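Notes to accompany the following structure.
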Amino acid sequence: MIDVTSRPSVDALRARIGWLCQTLRFAAPAYALWVFVLLALHWSNPTDVTRAYSHWLKADLVEVPAVQRAGGFLVHMIPWGLTVLACWNLWRLFSGFLTGRVFTLDAALTLRRLALAGFAAVVVDMAARPLLSILVSIHMPPGGRHIGFFFQPNDMLNLMFLGGLFALAQVFKVAAEIAEDNAAIV
Amino acid sequence: MPIVVNLDVMLARRKMRSRELAERIGITEQNVSLLKSGKVKGIRFDTLEAICRVLDCQPGDILEFRPEPGETP
């Protein structure tokens, strides 16, 4: 097996982006934890939930009961789980970069998994919004219940970014195959 | 592959070890070993030149075209 991790060009790249890899490696779990704390704080605060959804649904909601808030929290855990998966792949990707596994098939596949998990997290989050709007307004009298669809410019930006990352992973895979071929020439 | 690497034969003729060759031509011993076993996809001209210089031989002494059975030469 030809070692593609100990070439001078790879060492130079590692020296240049090592600090960035370390930062991103630690930012990934920190982000996942941060989102979890924010979600937990949001759904445990009835005033916050009622105010936020009243604003988004443009309705005058009565305080959302604890059971419904717990349901909302559980629904939000699905995209959060996918975010954790994306963060895990981000951690693996940059850990690999630090050990010199840059132009490898494994790195390309990890990048692709990261893009797919991130894309799925955004799509599931968007799809969960109507469900959440029903959840937080189901205790209202008939006529006061709502179903809301939200689509923000940020969602499109995230989807574009993650779609681009997926395409980049495909390019990266081809580059890894070429690098492996080159490494087999002595 | 019909290209056969005869590096081990040349090394034996010159009574030289792979490690010494690797040091003198500036590639890793692992790559010399891969080259000897023919488990490489190609050889760079500068590597071939260095090998020929160190072993005092021609490229044809290192590489040989040996058609596979049934193949037209």
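Using 10 Å bins from zero, what percent of all Cα-Cα pairs in the range A:17-126 falls into each bin?
In order of increasing distance, the bins hold 14, 34, 26, 16, 9, 1 percent.
More than 18 angstrom separation, counting every C-alpha pair in the range A:43-186; what % is that? Before the final figure, lay out the partial values.
Numbers: 6685 of 10296 pairs.
Considering the range A:43-186, 65 percent of its Cα-Cα pairs are separated by more than 18 Å.
Could you name every residue in the range B:43-64 that has 50 Å² or more less accessible surface in the full protein assembly than in its own chain alone (probe 1.4 Å, ligands and nucleic acids excluded)?
B:Arg44
Over the range A:98-186, with the other protein chains present, what is the accessible area per residue in square angstrom, probe 1.4 angstrom?
Details: 4760 Å² over 89 residues.
Roughly 53 Å² per residue, with all protein chains present.
When the accessible area of chain B is split by element with a 1.4 Å probe, what percent falls to carbon and sulfur? Walk me through the numbers on the way to the answer.
On the way: 2500 of 5000 Å².
Of all accessible area on chain B, carbon and sulfur atoms account for 50 percent.
Taking accessible area as the heavy-atom solvent-accessible surface of the protein chains with a 1.4 Å probe, which residues of the range A:158-186 lose no less than 30 Å² upon going from the isolated chain to the full protein assembly?
A:Asp181, A:Ala184, A:Ile185, A:Val186
Tally Lys and Arg at +1 and Asp and Glu at -1 over the other residues with C-beta under 13 Å from the C-beta of A:Ala120: what net charge comes out?
Working: positive: A:Arg112, A:Arg113; negative: A:Asp125.
With Lys, Arg at +1 and Asp, Glu at -1, the neighbours total +1.
With n ≥ 4 as the cut-off for DSSP H runs, can you work out [θ] at 222 nm for the protein assembly as shown, using -39500 (n - 2.57) per run divided by the number of residues, rounded to the nearest 500?
Numbers: 10 runs with 184 residues, N = 259.
When only DSSP H runs of four or more count, the value is -24000 deg cm²/dmol.
How much net charge surrounds A:Met140 when only other residues with a Cβ under 14 Å from its Cβ are counted (Lys, Arg +1; Asp, Glu -1)? Numbers along the way, then the final one.
Values: positive: A:Lys58, A:Arg145; negative: A:Asp60, A:Glu63.
Taking every other residue near A:Met140 into account, the sum is 0.
Mind checking the full-extension length gain between A:Leu98 and A:Arg51? Use 0.36 nm per residue of separation minus the Cα-Cα distance, one decimal, nm.
On the way: separation 47, 0.36 × 47 = 16.92 nm, distance 4.51 nm.
Length gained, A:Leu98 through A:Arg51: 12.4 nm.
Taking the Cα centre of each part, how many Å lie between the range A:121-186 and the range A:69-96?
12
With N set to the residue count of the range A:107-186, report its C-alpha Rg divided by 2.2 N^0.38 Å to two decimal places. Intermediate results must be reported in sequence, preceding the final value.
Numbers: Rg = 20.5 Å, N = 80, 2.2 N^0.38 = 11.6 Å.
It is 1.76.
Taking the Cβ of A:Ile78 as the centre, find all other residues whose Cβ is under 13 Å away and add up their charges (Lys, Arg: +1; Asp, Glu: -1). If you can, show how the numbers build up before the last one.
Values: positive: A:Arg129; negative: A:Asp125.
Once positives and negatives cancel, what remains is 0.
According to the square roots a ≥ b ≥ c of the eigenvalues of the Cα gyration tensor, what is the shape class of the range B:29-73, taking rounded for a/c under 1.5, prolate for a/b larger than b/c otherwise, and oblate for the remainder? List each step's numbers first, then the result.
Details: a/c = 2.59, a/b = 1.55, b/c = 1.67.
Judged from the Cα gyration tensor, the range B:29-73 comes out oblate (a/c at least 1.5, b/c at or above a/b).
Of A:Trp56, A:Ala40, A:Ala27, which is farthest along the charge dipole of the range A:1-152 in the positive direction, counting Lys and Arg as +1 and Asp and Glu as -1 at C-beta?
Of the options given, the answer is A:Ala27.
If one takes the longest principal axis of the Cα atoms in chain A, at what angle in degrees, from 0 to 90 and to the nearest 10, does the Cα axis of helix A:46-57 lie?
In chain A, helix A:46-57 runs at an angle near 90 degrees to the longest axis.
For the pairing of chain B with chain A, what total accessible surface becomes buried, with a 1.4 angstrom probe, in square angstrom to the nearest 100? It would help to have the intermediate numbers written out before the result.
On the way: alone 5370 and 10950 Å², together 15510 Å².
Buried area between the two chains comes out at roughly 800 Å².
Any chance you could give the angle, 0 to 90 degrees and rounded to 10, that helix A:8-43 forms with the longest Cα principal axis of chain A?
Around 10 degrees separate the two axes.
Using alpha carbons only, how many degrees (0 to 90, rounded to 10) separate the axis of helix A:105-137 from the longest principal axis of chain A?
The helix A:105-137 is inclined about 0 degrees to chain A.
How far apart, in nm, are two points set 7 Å out from the Cα along the Cα-to-Cβ line at B:Gln30 and at A:Glu63?
Modelled inter-label distance: 6.6 nm.
With +1 assigned to the C-beta of every Lys and Arg and -1 to the C-beta of every Asp and Glu, and no other charges, what is the dipole magnitude of the protein assembly as shown about the Cα centre in debye, to the nearest 20?
My answer is approximately 360 debye.
Grab the beta carbon distance between B:Ala50 and A:Leu105, set R0 = 41 Å, and tell me the FRET efficiency rounded to 0.05.
On the way: r = 31 Å, r/R0 = 0.75.
Step by step, r from the Cβ atoms, then E = 0.85.
Mind running the shape call on the range B:1-58? Use the C-alpha gyration tensor, a ≥ b ≥ c as the square roots of the eigenvalues: rounded below 1.5 for a/c, prolate if a/b tops b/c, oblate otherwise.
Numbers: a/c = 1.33, a/b = 1.25, b/c = 1.07.
Cα axes put the range B:1-58 in the rounded bin.
The values are calculated or read from the model by the stated rules, or taken from the named source; none is laboratory data. The model shown is predicted, which means the values in this text are computed figures rather than measured ones. Reconstructed Cβ throughout: ideal geometry from the backbone, glycine too, with neighbour counts over all protein chains shown. Just so you know, the surface numbers come from the protein's heavy atoms only, side chains and all, with ligands and any DNA or RNA stripped out. Shrake-Rupley method; radii C 1.70, N 1.55, O 1.52, S 1.80 Å.
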